[in-house]
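Inspection log for the structure reproduced underneath, given as structure tokens.
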Amino acid sequence: MPPPSHVTDIAPPQALTPIAGSGFAGGVLRFGAISFLSHFLLNRYTPLYRGLTIQFKVFIQISAMTLGGCIFAERAVGEFNEGVRRRRRALARSERAWDEEREVREMVERKYRDEERAEASRGTK
């Protein structure tokens, strides 16, 4: 199903694609290793698995690797998005702190200038 007509920019951010790709590759490697190990064990000890066709065994291996790739890609993208949110919140907190400090400094400077003016006006009268 295509996206709604009012949605124009649905491409992922440029930084997200390599992160998802590396997460997918890591998942493929991890689940592929587990899948191959289980293939050799099942092939050695289970007559039912030995009776399956090569095509179906390959399908099982590819399915496991694809599942692992999707899981790890989703996890990597989620961690990346959470890191971006964390950095933005930290920057917002820092900006608020700097704004408060600037306001305090301005109040102190204003008070200091008012005191100097009051002293100057008392000294001239």
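What follows draws every value from the coordinates through simple rules; no lab data is involved. Nothing here was measured: the structure is a model prediction, and the numbers come from that model. In this analysis, Cβ positions are derived from the backbone assuming ideal geometry, glycine residues included, and neighbour counts consider all displayed protein chains.
Sum -39500 (n - 2.57) across every DSSP H segment of at least 4 residues in the chain, then divide by the residue count to get the 222 nm mean residue ellipticity, nearest 500.
-30500 deg cm²/dmol
Ranking 77, 58 by Cβ neighbours within 10 Å, fewest first, what do you get? Please report the intermediate quantities before stating the final value.
Details: 77 17, 58 11.
Starting with the residue having the fewest Cβ neighbours, the order is 58, 77.
With viscosity set to 0.890 mPa s and temperature to 25 °C, compute the Stokes-Einstein D of the chain, Rh being the Kirkwood radius across alpha carbon pairs; µm²/s, no decimals. Please report the intermediate quantities before stating the final value.
Details: Rh = 20.8 Å.
Estimated via Stokes-Einstein, D reaches 118 µm²/s.
Using θ = phi - 60° and the Karplus relation 6.51 cos²θ - 1.76 cosθ + 1.60, list the HN-Hα couplings for the range 96-104 in order, rounded to whole Hz, with x at every Gly or Pro.
4, 5, 5, 5, 5, 5, 4, 4, 5
In nm, what is the difference between 0.36 nm times the number of residues separating residue 87 and residue 105 and their Cα-Cα distance?
Values: separation 18, 0.36 × 18 = 6.48 nm, distance 2.66 nm.
Residue separation times 0.36 nm, minus the Cα-Cα distance, leaves 3.8 nm.
With label points built 7 Å along Cα→Cβ from the Cα atoms of residue 17 and residue 80, find their separation and express it in nm.
Once both label points are built, they end up 1.1 nm from each other.
If r is the Cβ-Cβ distance from residue 96 to residue 63 and R0 is 35 Å, what FRET efficiency results, to the nearest 0.05?
Computed FRET efficiency for residue 96 and residue 63: 0.10.
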